[in-house]
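Written out below as structure tokens is the structure these notes cover.
The values are calculated or read from the model by the stated rules, or taken from the named source; none is laboratory data. Remember, it's a predicted structure, so these values are computed and weren't measured experimentally. Ideal geometry is used to build each Cβ from the backbone, glycine not excepted, and the neighbour counts take in all protein chains shown. In case anyone asks, the SASA skips ligands and DNA or RNA and just uses the protein heavy atoms, side chains included. Shrake-Rupley method; radii C 1.70, N 1.55, O 1.52, S 1.80 Å.
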Amino acid sequence: MERHPYRRDTKFLRGASGQLVRDEDGYPVPLAFQSIVIKPRAIAWADAHLFDTGESDGPESARITLARKAADERLKEMPHRYRLSVMANIAAKDESPKLLEDARPLLATPEERKWAGEGMPVEAEFRTGRIKETLRTTAADFVDVYETANIDRTEISDRRLDARSAAAFLRYRLMHLWRPAVDALVFGKTMAAIGRDYGGNKEDSAKLGRQKVIDALLLAKECFDDMRDMKARERVADNDNAPMVNPHVSTLGRKSAGLPIHFHVAANDNRRAIKNVA
């Protein structure tokens, strides 16, 4: 510290009488420099108890949380790249356990591996003739409609819109037979398992389940015929630039043309009210 008597910030030593103490040169003796110690003081807020969650995360826990959030953000920004890395990790030499866990939904189940070699259980029903071969095309159309209507994508196409409309139409007409048709044709459920859902025992559950699937396919075939008729009417109306003729007939079936028009209007209103398609 500079020993100059005219520095304002300098404090000098004083004796018992209050007089400045001077050295041999006549200058006041400055006080020794003391560092300032700042002591933190906690402020007690009156409503602090309302916001106290009882949690105290350490630095390591906070770092892990921030890293997880950053990884989630990267995953949202580049989902396609992450999916490719997950798929490339399958059967790799230096495979990552974390990516293997994320790849589990992409791997085939034991039932799917069996279907790859033998076909789904309903295929055996067609091969053995327990379900008529003429219904195989109807089964394929049903699967195509269901999978297209429920495809995991965001883009909208005319084919997907038609599939969702067809799925709603099928579900409305099949009613209680919709679920056994989906279980057998899409998810590969056996006839015996379907029959057990309807109260069958080990002797007749396969017969009961098979009959449910056959009834569903017969009704679905009529539904597809009706939808083809509706599409044909639409094409004729578009080509002739004219309104469609009696567009409500197909909802209740092709043999219901003689019913009053308000019957068909009510049936179409009920079909549009069904929200959870497929």
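Label A237 and H176 with points 7 Å out from Cα along Cα→Cβ: what is the distance between them in nm?
According to this spin-label approximation, the distance is 3.5 nm.
List the pairs from K69/K98; K132/K221; K93/K114; K114/K207; K69/K93 whose alpha-carbon separation is above 20 Å, in the order I gave them.
Listed pairs above 20 Å: K93/K114; K114/K207; K69/K93.
Cut-off under 13 Å on the C-alpha distance; same-chain residues fewer than 8 positions from K11 excluded. Which aspartates and glutamates are left, in chain and number order?
E2
Probe radius 1.4 Å, ligands and nucleic acids left out: which of E203, E125 has the largest accessible area, and how do the rest follow?
So the residues, ranked largest to smallest area, are E203, E125.
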